[in-house]
Ligand code: IPE
Ligand code: IPE
Ligand code: MG
């Protein structure tokens, strides 16, 4: 339980890394690590929502993760399918509103249908907004925003000299949402791996050696406590 005096970050983003290493340590196939990782995702999401976070963005599959062996990609797609089915009811009691960010067109028609359905079911929910980043790449999303602006300019809807930073932010998948305050990465690396590049300009970064399937409530609390010790200056003094 977090101390009531702590500031709860409004928007938390998590790079859920380390499933493969978690499995390897136990002599299990990587897909088993992903299975435990997916279970953990459902548990920790509810905890974070109850802690008072308003936006949670979870990195589940990057635009680069297609490079993995086909068996692993297949196992991940099956897990997404199963978890989306359960997630529809799972998050109902907490009023969590699920949104998918990334290019969903690359997924199978069945998975796209499930993604659309789970968004539709949750669309009027008033609780925490959960962004699940699937086939998400920040360069890809910035490219999409640039293309939209070019088309609007070509059609005479916007004058290039009037384009603002907000115009770009609005055309990202997270358009209209606040930037992440805290970005957590499990698995020990210190890199963004193409996650929220534009939105993270002033995010606090927290990296933990803990592998994603082991990232529990106490680990989340530790990250929030560390966040409360940071001095955010946003370029000021
Ligand atoms: C993160 O865990 C999950 C996905 C990228 C889908 P990894 O699969 O990257 O696990 P490690 O980093 O190899 O341990
Ligand atoms: C980042 O993890 C992507 C997700 C957690 C979904 P990766 O395992 O793909 O990142 P790299 O390859 O270590 O940079
Ligand atoms: Mg990894």
* **Any pair with Cβ under 9 angstrom, 6 or more apart, that starts in region 12-37 at a residue that is at positive phi and ends at one that is part of a loop (DSSP other than H, G, I, E, B) and within 7 Å of ligand 1 (Cβ to nearest atom)** => 18/187; 18/211
* Asked: Residues of region 7-31 being more than 17 Å from residue 180 (Cβ to Cβ) and away from ligand 1 (no atom under 11 Å from the Cβ), which ones?
  -> 26, 27, 28, 29
* To do: Kindly establish whether residue 87 is closer than 20 Å to residue 116 by Cβ, within 12 Å of ligand 2 (Cβ to nearest atom) and either at pLDDT below 95 or over 15 Å from the mean Cα position of the chain (by Cα) (or both).
  => no
* May I ask you to list the residues in region 206-221 that are in a helix (DSSP H, G or I) and within 17 Å of residue 56 (Cβ to Cβ)? => 212, 217, 219, 220, 221
* Out of region 124-143, which residues are exposed (fewer than 15 other Cβ atoms within 10 Å of the Cβ) and more than 18 Å from the chain's Cα centre (by Cα)? -> 124, 126, 143
* Before we move on, is residue 156 within 18 Å of residue 56 (Cβ to Cβ), surrounded by fewer than 18 Cβ atoms within 10 Å (Cβ to Cβ) and more than 16 Å from ligand 2 (Cβ to nearest atom)? -> no
* On the given criteria, is residue 189 more than 16 Å from ligand 1 (Cβ to nearest atom) and in contact with a strand residue (DSSP E or B) (Cβ under 8 Å, 6 or more places away or on another chain)? -> no
* Structure fact -> (1) touching a residue at least 24 places away in the same chain (Cβ under 8 Å); (2) within 16 Å of ligand 2 (Cβ to nearest atom) all hold for residue 207 apart from (1)
* Which condition number in (1) touching a residue at least 60 places away in the same chain (Cβ under 8 Å); (2) touching a strand residue (DSSP E or B) at 6+ places or on another chain (Cβ under 8 Å); (3) within 16 Å of ligand 3 (Cβ to nearest atom) is the one that residue 224 fails? -> (3)
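The values are calculated or read from the model by the stated rules, or taken from the named source; none is laboratory data. Just so we're clear, the structure is a prediction, and the values are computed from it rather than from any experiment. Here the Cβ is made from the backbone with ideal geometry for all residues, glycine too, and neighbour counts use every protein chain on show.
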